[in-house]
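All remarks here apply to the structure that follows.
Just so it is clear, none of the values below were taken in a lab; they were calculated from the coordinates. The structure presented is a predicted model; accordingly, all values stated were derived computationally and were not measured. Methodologically, a virtual Cβ is constructed for each residue, glycine included, from the backbone with ideal geometry; neighbour enumeration extends over all protein chains shown.
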Amino acid sequence: MSFEQWKEIWLEEQAKTFAGWDFSAIAKRTAEEPLPWDYRSTVKRYMQPSSIVLDMCTGGGEFLLSLDPPRGRTYATESYPPNVERCLRTLPPHGIDVRQVGCDDELPFEDRYFDLVFNRHGAFAPREVFRILKPGGTLITQQVGGQNNRELAAWLLGREPAVVDLDFNLAKVGGQLRSAGFQLTEAQEYYPTLSFYDVGALVYFAKVMEWEFPGFSVQTCLDKLYKLQAKVDRDGVVTSRGHRFFLVAAKCHTPQ
């Protein structure tokens, strides 16, 4: 296939729409190394029928619905307007209260209200989460660390991406949680390999993950994309180094 033909294919990938947090468009063209923990099963283990629970930064709500959470006792927050609209259509019929939020430091909930708060890949303020949790309540969070896809982004863009906090990691967030009054009961960090089996899948991914690949476009990165295509033709894959960390924290005492 000629360079111009590849370019047209990549431009089509770049133009595709993205909704919720659904990467099904490239699911069969990528693979991520499994993490050494299971976020889903951990949330399910702590979620009881009598629990009052909050899914922070729920995205499109797909993951929350898959948990079959307690009806009438489950809340979700989201800030991105298209996702909020999606959640307001799909979640309330399942007994889930949806709240749009714009500030991590001011959540629209009473003190000591929740038994369980969970947050996958979303921002949060430790002291505010501490405030809304009941004594003995639990926070479960999986986060994308600051080193996620950093090497690939720097090579592709020709510069270090300035949007990402490169020091965002387990030690930093764990320290913030302890300072807020939490006791850490589980803490793990890992650097999984993400594999792209065609360059078009990488184009789609980089366009969606604009905070990790700021300024990316097919037009501005075309020469690098051609080099990646040569690598895929030779090796069958392009890989990137991810960064994840996982924390389970209990509300046990007054913040420092």
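General observations
- Sequence-distant residues sharing a close amide H with PHE168 (under 5 Å, placed H): GLY146
- Most tightly packed first, judged by the mean number of other beta-carbon atoms within 10 Å of their residues, the peptides 116-126, 25-35 read 116-126, 25-35.
- Eligible lysines near LYS134 by straight Cα distance, threshold 19 Å, same-chain separation 8 or greater: LYS44, LYS251
- Using the Cβ-Cβ distance between GLN48 and GLU12 with R0 set to 51 Å, the FRET efficiency from 1/(1 + (r/R0)^6) comes to roughly 0.65.
- Whole-number percent relative contact order across the chain, with pairs defined as alpha carbons under 8 Å at least 6 apart: 23
- Rounded tilt (10° steps) of 199-208 against the dominant C-alpha axis of the chain: 40
- Simple Cβ-charge dipole of region 35-177, Lys/Arg +1 and Asp/Glu -1, about Cα centre, in debye nearest 20: 360
- Computed lengthening from ALA25 to SER217, 0.36 nm per intervening residue step minus Cα-Cα distance: 67.3 nm
- Cα centroid of region 227-244 to Cα centroid of region 127-162, whole Å: 24
- Lys/Arg +1, Asp/Glu -1 at C-beta; region 3-251 dipole; positive extreme among ILE9, VAL232, LEU116: LEU116
- Here LYS172 is the anchor, and the aspartates and glutamates within straight C-alpha reach of less than 14 Å, apart from those fewer than 8 places off in the same chain, are GLU189.
- Listed by chain and number, the lysines whose C-alpha is less than 23 Å from the C-alpha of LYS231, apart from same-chain residues fewer than 8 away, are LYS7, LYS28, LYS207.
- Listed values (1) 62, 39, 29; (2) 56, 40, 33; (3) 71, 48, 34, entry calculated as Cα extents along the principal axes in Å: (1)
- Antiparallel DSSP beta bridges within the chain, percent to nearest 5: 55
- Dipole size of the chain about its Cα centre, with +1 on Lys/Arg Cβ and -1 on Asp/Glu Cβ: approximately 480 debye, rounded to the nearest 20.
- Folded to 0 to 90 degrees: helix 81-90 orientation relative to the chain principal axis, Cα: 60
- If you plug the beta carbon distance of CYS103 and TYR226 into 1/(1 + (r/R0)^6) with R0 = 35 Å, you get a FRET efficiency near 0.20.
- Averaging over all projection directions, the Cα-based convex hull of region 19-76 occupies 4.9 nm² in the image plane.
- Contour excess over end-to-end distance, with Cα ends at GLU151 and ASP235 and 0.36 nm allotted per residue: 28.4 nm
- When peptides 8-15, 52-59, 239-246 are sorted by average Cβ neighbour count within 10 Å, with the highest value leading, the order is 52-59, 239-246, 8-15.
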